1. For segment 179-213, give me each residue that is among the small types (G, A, S), touching a Phe, Trp or Tyr at 6+ places or on another chain (Cβ under 9 Å) and part of a loop (DSSP other than H, G, I, E, B).
2. If we only count helices (runs of 4 or more DSSP H) wholly inside segment 75-159, which ones have 3 or more residues that are closer than 21 Å to F175 by Cβ, in contact (Cβ under 8 Å) with a residue 60 or more places away in the chain and not small (G, A, S)?
3. Just checking, which of L19, L25 is under 16 Å from L159 (Cα atoms) and of a type outside the set (F, W, Y)?
4. Only one residue in P155, P70 is in contact with a Gly (Cβ under 6 Å, 6 or more places away or on another chain) and modelled with pLDDT of 95 or more. Which one?
5. Considering R132, R142, which residue is at pLDDT 95 or above and of a type in the set (D, E, K, R)?
6. Looking only at segment 148-165, filter to residues that are surrounded by fewer than 24 Cβ atoms within 10 Å (Cβ to Cβ) and within 18 Å of T34 (Cα to Cα); which one of those is nearest to the chain's Cα centre (by Cα)?
Amino acid sequence: MPEPLILQAVSVSIGGRRLFRPLTLTVAPGETATVMGPSGAGKSTLLSHLCGTLGPAFRAEGRAQLGARPLDGLAPEARRVGILFQDDLLFPHLSVGENLGFGLPAGLSRAERARRIEAALADAQLDGFAARDPATLSGGQRARVACLRTLLAEPQALLLDEPFSKLDAALKDRFRRFVFEHARALALPTLLVTHDPGDAAAAGGPVIELSDDA
């Protein structure tokens, strides 16, 4: 059963300076909450903390959990939290299908892996692209493959670190719809970091302004 993403008085500091005031927030399954704020306010750092990749120079406080399951202290792979970045980060030495396969859970048969990859490509209107080199894809196609790879890992929550910021207006609108529709369909609590009010409007959920703690 889908669980909410719950933040209770979460804050991050470096060198004894807290980057933002403690954040308390509950993101329901299928809902997208948007975090906005000026550059340097700690928006991406917050996401790094939630997915378990916060650098050793930082110190996090408060509690983060998925339903009743605490996330704090878990290794990134144990958190079941997917993240999509500004850059697609596709592996250049792997085909499109191999990139998608990288996200699949371990233990699947070869036939099941192939079935899931083909189904994902069909869902993104990329039928027959499994053998393609990522370098031959358009920006929008690469973005969709990166999103599919994240979703194929079967996350229980989704973090979006400005994944729409480098796309032109028409492509941005289509890709936003693709991401938000899939997050809703999979009942993923989703946290979006952005500078763009249009992203927040498209997400349709609560908007939180991250406040400088200075």
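1. Narrowing segment 179-213 to residues among the small types (G, A, S): 183, 185, 187, 198, 200-205, 211.
Applying the additional criterion that residues be touching a Phe, Trp or Tyr at 6+ places or on another chain (Cβ under 9 Å) yields 198, 202-204, 211.
Those that are among the small types (G, A, S), touching a Phe, Trp or Tyr at 6+ places or on another chain (Cβ under 9 Å) and part of a loop (DSSP other than H, G, I, E, B): G204, S211.
2. Ranges flagged: 139-152.
3. Working: L19 fails: under 16 Å from L159 (Cα atoms).
Sole residue among the options that is under 16 Å from L159 (Cα atoms) and of a type outside the set (F, W, Y): L25.
4. On the way: P70 fails: in contact with a Gly (Cβ under 6 Å, 6 or more places away or on another chain).
That would be P155, the only listed residue that is in contact with a Gly (Cβ under 6 Å, 6 or more places away or on another chain) and modelled with pLDDT of 95 or more.
5. Just one listed residue meets the conditions, R132.
6. D161
Matching residues to (1) under 23 Å from S13 (Cα atoms); (2) loosely packed, with under 13 Cβ neighbours inside 10 Å; (3) touching a helix residue (DSSP H, G or I) at 6+ places or on another chain (Cβ under 6 Å):
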{"residue": "T32", "(1), (2), (3)": "no, no, yes"}
{"residue": "S48", "(1), (2), (3)": "yes, no, no"}
{"residue": "A57", "(1), (2), (3)": "yes, yes, no"}
{"residue": "R63", "(1), (2), (3)": "yes, no, no"}
{"residue": "L66", "(1), (2), (3)": "yes, no, no"}
{"residue": "L71", "(1), (2), (3)": "yes, no, yes"}
{"residue": "G97", "(1), (2), (3)": "no, no, yes"}
{"residue": "P105", "(1), (2), (3)": "no, yes, no"}
{"residue": "L108", "(1), (2), (3)": "no, no, no"}
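The values are calculated or read from the model by the stated rules, or taken from the named source; none is laboratory data. Note that the coordinates shown come from a computational prediction; the quantities given were computed from them, not determined experimentally. Note that each Cβ is placed from the backbone with ideal geometry, even for glycine, and that neighbours are counted across all protein chains shown.
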